Amino acid sequence: MDTILILDFGSQTTQLIARRIRELSIYSRIVPGDGRLADMDLSEVKGIILSGSPHSVHDADAPIPDPSVYESGLPVLGICYGLQRLVHDHGGQVEQQQRREYGRARQQITGGHPLFEGMEDGFVSWMSHGDSIERLPQDAELVSESEHGLPGCIAFRERNFVGIQFHPEVTHTEAGTLVLENFAVRIAGARRQWTMDAYAEQMSAELVARVGSSPVLLLISGGVDSTVTAAMLLAALPPEQVHLMYVDTGLMRYRETEEVRRGLEALGAKHLYIVDAEEAFLSALAGISDPEEKRRAIGDTFVRVQEAEIRAHIPGDYVLAQGTLYTDYVESGRGVGEKARVIKSHHNVRSPLIEAKRDAGEVVEPLIHLYKDEVRELGARLGVRDDIIRRHPFPGPGLAVRILGEVTRERCALLRQVDNTYITELKERGLYDEIWQAFAVLLPIRSVGVAGDERGYGSVIALRAVGSRDGMTADVYPFPTDHLLEISSIITNRHPEVGRVVYDVSSKPPATIEWE
Ligand code: XMP
């Protein structure tokens, strides 16, 4: 499949470049900026993009592209630091400016170049740089200049290299996507072959080749990633070969286990192991209020239950499937990938059995090339139900981290019911899809209230609703007040144990999304 290779020098927007290219239905792949080209398969690469960077080309530890990038004969587009690399590496001069050029700046187009085909003179571009071009390489000429008189775009005469000082990948640049499209399609000649149908087909062939006739085991959480992974396995392999295991911890959302079962059966699952482990989890959690201890008890129980069940169902050798996404995998100096990894490894339960599979390389990851929105699209094509695809994230330890204080069967039942009331109301009011994650939390206090002439002490529920891109940071969802007041009153009417409802107005940071 025609590919645009992105050399990542650590810019925060490298992931955005990759996504924009993919939105053009062209496959893009991010590799480390100083990676050796000889170690990569370049047979389908049509063009190379050099990303931005927090570094200056003059830094002692500045990342330097492999010289064969310039000798490969492939068209190259340098963005920001990438442009400065092109200049610095070809005899031009890059210097620090007195004043940073930051924010919007209009570009005056001074020369014709296919990169700017269809762009209007004076288009608004987004700048973020401290260094600038002082002298062009001999072989290069100016294509545009910013309104502050600094080079905005330069092109080489003899070689197919072009560089821009602004960031076409951010939405602040007018028609920035057209610049990327001009590079990928007009200059590099990449064909638009990246569709989820093509991906499913290619991944199916890969899975068949990797797995052979071994059984494949996938641990299901009920979330989007594991469900779409299951759909991909079931589409690619004979269903008898695919073993799906889901542990019902008793800490799940309302009717979640039935929903998971229905969803997977609809996808044609033959070996589906739904493990009812509520008793094991509740007894491990009995008497524990400390959040860290709770997580430890849950983690240990998970490993114990999971490993016993795996041994019981699959006695021989097997391949393990995981729902790892591209953002979890991409190595990036400061980008999303690195942070996502830290969060995942922090949250994920470490099981010796699974670690051993990883070490032995007996793992397949059918979503490894995909971003979250692509996973949703693939899921839809593979027949995963829409409500599963749009479902808010749910943490592994489940309701246990939303029940502050001791976790008991009764408190689980109350929170599950209240959370369901809240989520159902959000859906009916058309708010659910506007919110990245919403849930109810049961607080460890009781609060005084009046019902008729009686004073009584009821439970306190906190409602949470946040907007986010990836869970790393989050904003409070600006709840329309009338909806919030109505939902509060519906909760206290329907669940008489609840005496008070509060709304959490903390963003992340400094708060986290979950309460524990
Ligand atoms: P926090 O609370 O860290 O949550 O701001 C960020 C995102 O991660 C989810 N989360 C977890 N997911 N195991 C998980 O699989 C966990 O232990 C865990 N803790 C938090 C949280 O729901 C949010 O989407």
The lone exception for GLY449 - which of (1) farther than 16 Å from ILE403 by Cβ; (2) surrounded by fewer than 14 Cβ atoms within 10 Å (Cβ to Cβ); (3) away from the ligand (no atom under 16 Å from the Cβ) it fails: (2)
Qualifying residue in the range 207-222 (condition: within 16 Å of the ligand (Cβ to nearest atom) and surrounded by fewer than 21 Cβ atoms within 10 Å (Cβ to Cβ)): yes
ARG311, sole failed condition from (1) of a type outside the set (A, V, I, L, M); (2) farther than 19 Å from ARG350 by Cα; (3) exposed (fewer than 13 other Cβ atoms within 10 Å of the Cβ): (2)
Flag for VAL466 being within 16 Å of the ligand (Cβ to nearest atom) and of a type in the set (A, V, I, L, M): yes
Some residue of the range 423-431 being in contact with a strand residue (DSSP E or B) (Cβ under 7 Å, 6 or more places away or on another chain), outside the structural domain of THR301 (by TED's automatic domain parsing) and at pLDDT 95 or above: yes
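Is it true that VAL260 is touching a helix residue (DSSP H, G or I) at 6+ places or on another chain (Cβ under 9 Å), surrounded by fewer than 18 Cβ atoms within 10 Å (Cβ to Cβ), within 30 Å of LEU443 (Cα to Cα) and among the aliphatic types (A, V, I, L, M)?
Numbers: touching a helix residue (DSSP H, G or I) at 6+ places or on another chain (Cβ under 9 Å): yes; surrounded by fewer than 18 Cβ atoms within 10 Å (Cβ to Cβ): no; within 30 Å of LEU443 (Cα to Cα): yes; among the aliphatic types (A, V, I, L, M): yes.
Spelling it out, it is not the case that VAL260 is touching a helix residue (DSSP H, G or I) at 6+ places or on another chain (Cβ under 9 Å), surrounded by fewer than 18 Cβ atoms within 10 Å (Cβ to Cβ), within 30 Å of LEU443 (Cα to Cα) and among the aliphatic types (A, V, I, L, M).
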Only listed residue being among the small types (Gly, Ala, Ser) and in contact with a Leu (Cβ under 9 Å, 6 or more places away or on another chain), chosen from GLY112, GLY92: GLY92
Those residues of the range 94-115 which are in contact with a helix residue (DSSP H, G or I) (Cβ under 7 Å, 6 or more places away or on another chain) and not β-branched (Val, Ile, Thr), in sequence order: PRO114, LEU115
One residue from GLY130, GLY118, GLY82 being in the same structural domain as GLY10 (by TED's automatic domain parsing), assigned to a helix (DSSP H, G or I) and in contact (Cβ under 8 Å) with a residue 24 or more places away in the chain: GLY82
Residues satisfying the stated conditions in the range 497-516, i.e. in contact (Cβ under 8 Å) with a residue 40 or more places away in the chain and of a type outside the set (Val, Ile, Thr): GLU497, GLY499, ARG500, TYR503, ASP504, SER507, LYS508, GLU514, TRP515, GLU516
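From THR227, THR171, which residue is out of contact with any Phe, Trp or Tyr (no Cβ under 8 Å at 6 or more places or on another chain) and free of Cβ contacts under 8 Å to residues at least 24 places away in the same chain? So that I can check it myself, show each step before the final result.
Numbers: THR227 fails: free of Cβ contacts under 8 Å to residues at least 24 places away in the same chain.
Of THR227, THR171, the one residue that is out of contact with any Phe, Trp or Tyr (no Cβ under 8 Å at 6 or more places or on another chain) and free of Cβ contacts under 8 Å to residues at least 24 places away in the same chain is THR171.
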Boolean, GLU279 is surrounded by fewer than 18 Cβ atoms within 10 Å (Cβ to Cβ) and under 30 Å from LEU442 (Cα atoms): yes
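Mind checking which residues of the range 115-138 are surrounded by 15 or more Cβ atoms within 10 Å (Cβ to Cβ) and more than 16 Å from GLY52 (Cβ to Cβ)? Steps first, please.
Keep residues of the range 115-138 that are surrounded by 15 or more Cβ atoms within 10 Å (Cβ to Cβ), which gives 115-116, 119, 123-129, 131-133, 136-137.
Hits for the range 115-138 are LEU115, PHE116, MET119, PHE123, VAL124, LEU136, PRO137.
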Selection within the range 235-255 - in a helix (DSSP H, G or I) and either in contact (Cβ under 8 Å) with a residue 40 or more places away in the chain or in contact with a Lys or Arg (Cβ under 7 Å, 6 or more places away or on another chain) (or both): ALA235, ALA236, PRO239, GLU240
The range 411-435 residues that are in contact (Cβ under 8 Å) with a residue 12 or more places away in the chain, paired with ones that are crowded, with 17+ Cβ neighbours inside 10 Å and of a type in the set (Lys, Arg) (beta carbon under 9 Å, 6 or more apart): LEU415/ARG402; ARG416/ARG253; ASP419/ARG253; ASP419/ARG402; ASN420/ARG253; ILE423/ARG253
Neighbours by Cβ (under 6 Å, 6+ apart or cross-chain): first from the range 391-402, within 15 Å of LEU415 (Cα to Cα); second more than 6 Å from the ligand (Cβ to nearest atom) and in a loop (DSSP other than H, G, I, E, B): GLY398/THR249; GLY398/LEU251; GLY398/MET252; LEU399/LEU251; ALA400/LEU251; ALA400/VAL407; VAL401/GLU516
Subset of the range 346-385 (residues that are in contact with a Gly (Cβ under 9 Å, 6 or more places away or on another chain), assigned to a helix (DSSP H, G or I) and more than 30 Å from ARG411 (Cβ to Cβ)): VAL375
Of the criteria (1) surrounded by 21 or more Cβ atoms within 10 Å (Cβ to Cβ); (2) within 16 Å of the ligand (Cβ to nearest atom), which one GLY176 fails: (2)
Any hit, the range 147-167, residues being surrounded by 20 or more Cβ atoms within 10 Å (Cβ to Cβ), hydrophobic (A, V, I, L, M, F, W, C) and not in a strand (DSSP E or B): yes
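Select, from LEU370, LEU415, the only residue that is away from the ligand (no atom under 16 Å from the Cβ) and crowded, with 20+ Cβ neighbours inside 10 Å.
One residue alone meets the criteria, LEU370.
Take the range 478-516 and flag every residue that is within 16 Å of the ligand (Cβ to nearest atom) and not β-branched (Val, Ile, Thr). Walk me through it before giving the result.
Pass one, the range 478-516, residues within 16 Å of the ligand (Cβ to nearest atom): 504-516.
Once the filter is applied, which keeps residues that are within 16 Å of the ligand (Cβ to nearest atom) and not β-branched (Val, Ile, Thr), the range 478-516 yields ASP504, SER506, SER507, LYS508, PRO509, PRO510, ALA511, GLU514, TRP515, GLU516.
Go through the range 10-41 and report how many residues are in a loop (DSSP other than H, G, I, E, B) and at pLDDT below 95.
Step one: of the range 10-41, the residues in a loop (DSSP other than H, G, I, E, B) are 10-13, 24-26, 33-36, 40-41.
If we keep only those that are at pLDDT below 95 too, we end up with 10-13, 33-36, 40-41.
Residues meeting the conditions: 10.
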Qualifying positions in the range 350-375 - in contact with a strand residue (DSSP E or B) (Cβ under 7 Å, 6 or more places away or on another chain) and at pLDDT below 85: ILE354
Some residue of the range 306-320 being more than 30 Å from LEU370 (Cα to Cα), at pLDDT below 95 and charged (D, E, K, R): yes
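The values are calculated or read from the model by the stated rules, or taken from the named source; none is laboratory data. Small disclaimer: the values here were computed from a predicted structure and weren't measured. Every residue, glycine among them, receives a Cβ derived from its backbone with ideal geometry; neighbour counts consider all protein chains shown.
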